[in-house]
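Quick one: structure below, then a few questions.
The values are calculated or read from the model by the stated rules, or taken from the named source; none is laboratory data. This structure is a prediction, so every number in the text was calculated from the model and none was measured. Counting neighbours? That spans all protein chains shown, and the Cβs are built from the backbone with ideal geometry, glycine included. In case anyone asks, the SASA skips ligands and DNA or RNA and just uses the protein heavy atoms, side chains included. Shrake-Rupley method; radii C 1.70, N 1.55, O 1.52, S 1.80 Å.
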Amino acid sequence: MTCLPTHTERKLGLVIDLDTCVGCHGCATSCKEWNTGGYSAPLSDTDPYGADPDGAWLNRIHSYEVGDGADSRTVHFPRSCLHCETPDCVTVCPTGASFKRAEDGIVLVDPDLCIGCKLCSWACAYGAREYDPSHGVMKKCTLCVDRIYNEHLAPEDRVPACVRACPTGARHFGDLGDPDSDVSKLVAERGGFDLLGAFGYKPVNKYLPPRERRDARTVATDKTPQKQKIAAPTTAIESLFSWVDRALSR
């Protein structure tokens with residue numbers, strides 16, 4: 001069985017904001033396009049328009065209705081490999097194909113060693129392993145390791161494809177082992193949490209909870225005069241934007 005490193009120099013991972021994720025699937029399609037060379041669209045690898053479409057998706061988005069009545073809301077929950085500190089998917093691998101890197105904590109699969117036995121998918125508590133029938137191997141999120149270290153890319157592109165594509169800024173990437181990193185500070189400020197933390201796998205990826213709902217009912221209770229909230233426009237362009245804001249707020 002595969003052994004885990006006793007220590008990782010960094011803990012690269014994702015922080016996903018459930019408050020701003022709109023469930024657009026932009027992260028899933030960009031992941032698909034970058035990692036399998038497919039189209040930037042929700043198409044499967046094989047026979048996408050046929051009777052038996054098939055393929056591996058390394059990032060999936062689930063949507064849930066929470067709350068009742070006027071207090072209900074839709075929460076979109078992206079899910080991919082969490083690059084756990086103590087992943088069972090690695091330790092059950094009989095060939096060493098599944099491994100965790102000591103330099104950055106990323107969990108990867110070596111396709112040359114993988115025999116497609118699916119033990120890792122059975123061991124993963126998060127359902128993050130995908131069997132690719134086209135190649136007969138297991139696949140998973142790699143944090144786009146071929147992007148984040150690629151010096152031929154512009155600095156702003158050296159992030160996972162899902163992070164680069166997110167239109168609402170709901171996905172953040174960085175070193176969660178560094179308490180002074182932007183992602184670590186974000187987790188501390190917003191009360192970021194582990195998915196199924198009680199299982200003890202210590203996932204590196206974190207989720208930020210939805211904020212308290214703000215709608216017409218809560219805004220109505222705010223008695224602060226509007227003129228104290230927004231400074232009066234001083235230029236023609238500011239006046240235009242102020243008018244547009246009032247028109248769209250009606």
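Has the range 72-79 got any residue that is on the phi < 0 side of the Ramachandran plot, modelled with pLDDT of 95 or more, buried (at least 17 other Cβ atoms within 10 Å of the Cβ) and assigned to a loop (DSSP other than H, G, I, E, B)?
no
Continuing with this model, one more query. Taking the range 85-96, which residues are part of a loop (DSSP other than H, G, I, E, B) and either closer than 18 Å to D146 by Cβ or within 22 Å of the chain's Cα centre (by Cα) (or both)?
E85, T86, P87
Which of the numbered conditions does P111 fail, given that it passes all the others? Conditions: (1) modelled with pLDDT under 95; (2) in contact with a Gly (Cβ under 8 Å, 6 or more places away or on another chain).
Of the numbered conditions (1) modelled with pLDDT under 95; (2) in contact with a Gly (Cβ under 8 Å, 6 or more places away or on another chain), the odd one out for P111 is (2).
Turning to a different aspect of this structure: If you check C93 against the conditions, is it open to solvent by less than 60 Å² (accessible area, probe 1.4 Å) and touching a strand residue (DSSP E or B) at 6+ places or on another chain (Cβ under 7 Å)?
no
Inside the range 109-191, counting only strands (runs of 3 or more DSSP E) that do not spill past its ends, which hold 1 or more residues that are touching a Phe, Trp or Tyr at 6+ places or on another chain (Cβ under 7 Å)?
Answer list for the range 109-191: 130-132, 137-139.
Which of the following residues is crowded, with 19+ Cβ neighbours inside 10 Å, touching a helix residue (DSSP H, G or I) at 6+ places or on another chain (Cβ under 9 Å) and among the hydroxyl-bearing types (S, T, Y): S98, S121?
Checking each option against the conditions leaves just S98.
The conditions are (1) modelled with pLDDT of 95 or more; (2) surrounded by 19 or more Cβ atoms within 10 Å (Cβ to Cβ), and T168 fails exactly one of them. Which is it?
Here T168 clears every test but (2).
Quick check, is T29 in a loop (DSSP other than H, G, I, E, B) and among the polar types (S, T, N, Q)?
Criteria not met by T29.
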